[in-house]
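Okay, so here's the structure we're looking at.
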Amino acid sequence: MSAERELLETSLTELLTDRCTPEVVAAADGSWDPGLWSHLDRAGLTAVGVPEEAGGSGGGLLDAALVARCCAAFAAPVPIAPTLLVAPWLREAAGLAHRPGPAAVAGTAAVTAARDAGGWVLAGYARRVAWGRCAESVLVLVGTPEGLALADVADGAVEPAADAAGEPSDTVVFDGVRVPDERVRPVTTRLLTALRMRQALATTVMLAGALDTVLDLTRRYAGERVQFGRPISAFQLVKRQVAQLAGEVAVAGAAADAAVREVAAAPADGDPLPAVLAARVRAARSATAATAIAHQVHGAIGFTREHRLQHFTRRLWTWRDAHDGEGALQEELGRLLAERGGDRLWTTVTRAGV
Amino acid sequence: MTLALPPAVLPESAEALRGDVRAFLAEQDFVPGVDTWLSSFDAGFSRRLAERGWLGMTWPARYGGHECSALERFVVIEELLAAGAPVAAHWVADRQSGPSILRFGTEEQRQRLVPPIARGESYFAIGMSEPDSGSDLASVRTKATPDGDGWRLDGAKVWTSGAHHCHYMITLCRTGPDRHAGLSQFIVDLTAPGVQIRPIELLTGEHHFNEVVLDGVYVPGDMVLGTIGDGWKQVTSELANERSGPERFLSTAQLLVELARYAETARDTRTLATLGGLFAQLWSIRQLSLRVAGALDRGASVEVDAALVKDLGTRFEQEVVEAVRVAVTADPGSRLEGLLTHAVLHGPGFTLRGGTTEILGVIVARGLGL
């Protein structure tokens with residue numbers, strides 16, 4: 001890791017240790033923490049990866065992914081992943097101007113746009129918009145008479161809801177919302193594929209972050225919890241479980257890092273990316289295995305609302321199914337490989353983006 | 001420490017080498033198989049690899065090596081394994097015996113024993129396990145007794161893959177009563193009087209394993225490896241090399257390639273999802289293994305990380321077999337059927353050899369501070 005990135009990780013971890021305590025996370029369950037967002041914002045951490053000339057903090061995708069992973073490791077109740085990893089990239093890819101502030105992305109929506117004097121007027125709504133209520137702008141896919149377009153919308157009525165992780169997953173109603181011309185751009189199906197890849201990458205990074213903490217909590221608990229007169233970590237069966245958990249976490253983390261590097265080196269141009277799909281599938285698998293082991297080792301206390309573990313396992317259970325089902329992702333990856341053929345399987349492993 | 005390894009990026013030199021290996025493989029005449037690093041012995045192939053400079057890659061030139069990085073070696077061996085090439089002859093010597101002699105051996109041993117390994121002419125067996133010492137390796141009882149200028153060895157080693165083809169066996173022996181400090185390593189010439197090599201057939205009837213009985217075998221003093229009493233420390237370092245490489249997740253790679261060929265025509269959901277899921281596993285575990293190779297390159301201690309990758313990798317090798325079995329209906333006599341059958345029958349060994357899953361769990365747990 002570069003020295004700058006190490007510094008970024010250290011300062012971010014310090015900030016989150018102070019400002020994103022277990023109490024903050026518990027209090028924000030079902031909603032978010034605008035105070036934490038302000039702290040991150042003042043430290044310049046809500047625009048990492050956005051070029052300075054566009055009003056951002058500079059840095060690249062690797063830096064943005066690091067911030068998102070650390071925030072996930074603290075279960076930070078703020079819209080950092082869409083704001084850093086998806087929205088800036090999507091705006092640039094679609095030819096929209098950068099816009100500061102927390103962002104949400106509604107990639108599948110029942111929204112239409114009609115021409116209006118000097119712009120567009122929207123009708124319809126988007127459901128399950130992650131962090132919809134916190135967003136200063138929502139990037140929403142709209143149907144226009146000329147085809148699909150992406151609208152960068154700063155308005156809309158929010159009907160709050162939360163997902164199983166306790167994070168905002170709102171309905172945003174766009175009826176009558178006006179959007180100026182320069183905030184609407186036509187999109188191709190290739191861009192939609194690229195968006196799916198980008199969202200898969202963001203999800204993978206988040207899974208990796210939450211997994212890090214699940215290992216940390218479980219390792220600590222196994223060493224502290226005493227039964228039969230000794231820590232439960234003294235039992236071979238428990239050791240084996242925690243060792244397996246470490247493997248699941250390590251492989252998901254390595255896959256997430258490698259996928260981020262792959263995308264940073266060869267930006268998505270609309271083709272499905274084996275590296276991203278592979279990392280996403282593997283991280284979801286790790287989430288399943290890790291949550292099961294962590295809860296088994298923690299016993300009944302880990303299954304309660306008061307214990308911290310649930311903030312991470314609920315996120316893992318939710319994120320592993322974000323946007324696409326695991327089976328569908330496996331099949332998509334398999335189809336890609338089948339099209340390339342057996343003779344190219346290994347070359348795809350070694351150079352997954354090509 | 002576990003999980004702390006930074007990402008490894010393959011240098012361009014390594015990627016250039018990859019092309020050379022693929023071009024070489026395309027010209028070779030062999031039947032691609034599974035588990036070839038155990039079962040496909042081909043001395044001619046090993047010598048041809050040596051001619052290309054692909055044995056002893058990381059070793060100093062003065063011992064016949066080629067002074068490449070561990071990541072360059074990683075690329076070469078992963079290409080050979082993925083292609084299912086017959087690499088068994090030199091495998092142990094190149095992977096662990098040569099490095100052990102270079103690290104712990106005398107100058108005379110290095111000059112005499114290492115260059116023939118790099119030429120693909122000298123093969124080594126691992127003399128660790130015994131009939132009563134498997135996972136509990138430190139309990140070995142094969143005894144080395146001082147005899148004049150040398151040592152006299154009595155005991156038996158088992159599961160010594162390829163000993164019937166090998167020239168030497170690096171043998172872990174008891175030289176004192178202390179569980180760990182009473183262990184030492186000796187380089188045993190397998191043609192010496194008193195050495196008896198008996199086959200232990202695999203359940204398929206294949207002959208790879210052996211029992212090597214040592215009945216008063218004389219080992220000259222200059223064939224002690226390292227220091228008397230340091231055997232346990234030396235073996236632990238050797239095992240990190242033994243466990244960390246890509247052969248711990250690529251033993252069934254050819255079966256996966258064959259599944260992808262099958263999927264070219266059978267585009268049903270089950271086959272595609274199976275292929276995608278297994279690819280995700282392979283791609284991800286390889287990323288972790290690359291980190292270990294990168295750490296080896298920097299000379300870091302990788303015992304715990306190697307155990308972690310081996311555990312994940314070998315369970316994945318078995319998962320490939322099981323998942324392919326469930327997904328496909330192989331045509332009688334097809335390549336897929338042959339590879340699958342071979343892999344099913346070799347599968348149990350994947351999570352046993354080089355440290356069982358259970359032992360690896362203990363090592364990883366210790367590394368986690370449990």
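Nothing in this text is a laboratory measurement; each read-out follows from the coordinates by a stated rule. Computed from a predicted structure; not experimentally measured. Please note: Cβ atoms are built from the backbone with ideal geometry, for glycine as well, and neighbour counts cover all protein chains shown.
Length gained on full extension, A:Asp216 to A:Asp155: 17.9 nm, using 0.36 nm per residue less the C-alpha separation. Remark: mean inter-chain Cβ contacts per residue of A:176-184 equal 0, using a 10 Å Cβ-Cβ cutoff to other protein chain atoms.
If you take the beta carbon distance between A:Thr112 and A:Glu136 as r and set R0 to 25 Å, what does 1/(1 + (r/R0)^6) give as a FRET efficiency, to the nearest 0.05?
On the way: r = 23 Å, r/R0 = 0.92.
With R0 = 25 Å, the Cβ-Cβ based efficiency is 0.60.
Under 8 Å for C-alpha pairs, at least 6 residues apart: give me the relative contact order for chain A, rounded to a whole percent. Show your work: numbers first, answer last.
Details: 624 pairs, mean separation 52.9, N = 354.
Worked out over chain A, it gives 15 percent.
Build a GNM of chain B with springs between Cα atoms under 10 Å apart, and of B:Gly148, B:Gly245, B:Gly221 the one that fluctuates most is B:Gly148.
Legend: P(r) of the protein assembly as shown from all alpha carbon pair distances, 20 Å bins from 0, whole percents, reading 17, 45, 29, 9, 1, 0. Taking 27 Å as the straight-line reach from the Cα of B:Lys157, the lysines in range (excluding those fewer than 8 positions away in the same chain) are B:Lys143, B:Lys233, B:Lys310.
What are the aspartates and glutamates whose alpha-carbon lies under 15 Å from the alpha-carbon of A:Lys239, with same-chain residues fewer than 8 places away excluded? Answer for A:Lys239, where 15 Å is the Cα cut-off: A:Asp216, A:Glu224, A:Glu248, B:Asp311, B:Glu358, listed by chain and number.
Answer rounded, prolate or oblate for the range B:1-136, using the Cα gyration tensor with square roots of eigenvalues a ≥ b ≥ c: rounded when a/c is under 1.5, else prolate when a/b is larger than b/c, else oblate.
It comes out rounded by the Cα gyration axes.
Relative to the longest principal axis of the Cα atoms of chain B, the long axis of helix B:357-367 lies at roughly 80 degrees.
Need one word for the range B:110-173: rounded, prolate or oblate. Basis is the Cα gyration tensor (sqrt eigenvalues a ≥ b ≥ c); a/c below 1.5 gives rounded, then a/b vs b/c decides.
On the way: a/c = 2.55, a/b = 1.35, b/c = 1.89.
Oblate, since a/c reaches 1.5 and b/c is not below a/b.
Extending 7 Å from Cα along the Cβ direction at B:Asp154 and again at B:Gln196 yields two label points whose distance is 1.5 nm.
Can you tell me the relative contact order of the range A:1-159? Whole percent, Cα pairs under 8 Å, sequence separation 6 or more. Could the numbers behind the result be given before it?
Working: 232 pairs, mean separation 26.1, N = 159.
After rounding, I find 16 percent.
So what is the 222 nm mean residue ellipticity for the protein assembly as shown from helices alone, if each DSSP H run of at least 4 adds -39500 (n - 2.57) and you divide by all residues, rounding to the nearest 500 deg cm²/dmol?
Values: 24 runs with 350 residues, N = 724.
Theoretical 222 nm ellipticity from helices: -15500 deg cm²/dmol.
The angle between the Cα long axis of helix B:231-244 and the longest principal axis of the Cα atoms of chain B comes to about 10 degrees, rounded to the nearest 10.
Only Cα pairs under 8 Å and 6+ residues apart enter the sum, and on that basis the relative contact order of the range A:132-189 stands at 34 percent.
What shape does chain B take by its C-alpha gyration tensor, where a ≥ b ≥ c are the square roots of the eigenvalues and a/c under 1.5 counts as rounded, a/b above b/c as prolate, and the rest as oblate? Mind dumping the intermediate values first?
Numbers: a/c = 1.62, a/b = 1.55, b/c = 1.04.
In terms of gyration-tensor shape, prolate.
Using a simple spin-label model with pseudo-atoms 7 Å out from Cα toward Cβ, B:Arg47 and B:Glu264 lie 3.5 nm apart.
Helix A:189-224 and the longest principal axis of the Cα set of chain A meet at an angle near 20°. When chain A is treated as a Gaussian network with alpha carbon springs shorter than 10 Å, the biggest mean-square fluctuation among A:Thr218, A:Thr17, A:Thr318 belongs to A:Thr17.
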